[in-house]
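The values are calculated or read from the model by the stated rules, or taken from the named source; none is laboratory data. Since we're looking at a predicted model, the values are computed, not measured. Glycine gets a Cβ as well: all are built from the backbone with ideal geometry, and neighbour counts include every protein chain shown.
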Amino acid sequence: MLSLGDSAFLVAAGVLAGIVGTAGAITSLVSFPALLIVGVPALGANVANIVAITTTWPGSALSSRPELAGQAAWLRRYGSVAAVGGAAGSALLLATPSGAFERIVPFLVAGGALTLLATPWLRGVAGIGERGTAHRDPVWMAVALLVISVYNGYFGAGSGVMMLALLLVASDDRLPVANALKNMLVGAATVVAAVGLALFATVSWGAVVPLGIGSFIGATVGPHVTRRLPERTLRIAVAAIGLGLAVQLWLSHGS
């Protein structure tokens, strides 16, 4: 049972995580460490994090309605691919023993942080070619989307950055539109994964509820806040936190 102070801390962390996510950073690099800080074990924290951050989906949808106008058919087609990947990722997580996950998680966190640092390079790659084109959607895009969504359902930190880069390269190189579509695809994968985990895993609901409330608030107000924040500073700060956490988790597991 979490204390009132821990619950308030998770609400605040959720708000920050939602804001960070809308700035193009990685939501889980804020929300996952917050769960560890209040004492949730690594595997339980990952499960709680996946379930809690589903609330960023409706929050980001509300704030991205102009960019999502006319995208319903596209989202139905590729949202189903993301959902299948999310389900597969959660099944893989359920099959992973707790001890094995604790050995893997420092590398997952470090990978997410490094992906965040590589965002400018990924965007540079995505900027090659004609600008302002929409829905090129080569055949291989669905395969890449499926792979990223499996990872999203298993752990998720960095999956949003990977998916944004994929959409900018393969589908729509208008950044605001690609970011809105990314939020919906990540949300589809996360919601399906969360349902599976809620049914078949032990979920720390006392941690999920305050973190989820904060994440919804952050994702809803985030676009208005992040327009005034220097993206580079935010990206480096979150990545540094992630790398520091990865080192701490690796050292604590080895001790």
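Data for the structure
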item: Unique residue being modelled with pLDDT of 85 or more, more than 21 Å from T115 (Cα to Cα) and outside any helix (DSSP H, G or I) when the list is V11, V51, V40; result: V40
item: Qualifying residue in the stretch 68-85 (condition: among the polar types (S, T, N, Q) and either touching a helix residue (DSSP H, G or I) at 6+ places or on another chain (Cβ under 6 Å) or farther than 25 Å from F216 by Cα (or both)); result: no
item: Residue within the stretch 19-30 that is touching a Phe, Trp or Tyr at 6+ places or on another chain (Cβ under 8 Å), modelled with pLDDT under 95, part of a helix (DSSP H, G or I) and buried (at least 19 other Cβ atoms within 10 Å of the Cβ) present; result: yes
item: Hits in the stretch 178-194 - residues which are of a type outside the set (A, V, I, L, M, F, W, C), in contact (Cβ under 8 Å) with a residue 24 or more places away in the chain and either part of a loop (DSSP other than H, G, I, E, B) or farther than 13 Å from P66 by Cα (or both); result: N183, G187, T190
item: Test: residue in the stretch 167-177 that is in a helix (DSSP H, G or I), in contact (Cβ under 8 Å) with a residue 60 or more places away in the chain, of a type outside the set (F, W, Y) and out of contact with any Ser or Thr (no Cβ under 6 Å at 6 or more places or on another chain); result: yes
item: Tally, over the stretch 18-72, of residues that are polar (S, T, N, Q) and within 18 Å of Y154 (Cα to Cα); result: 8
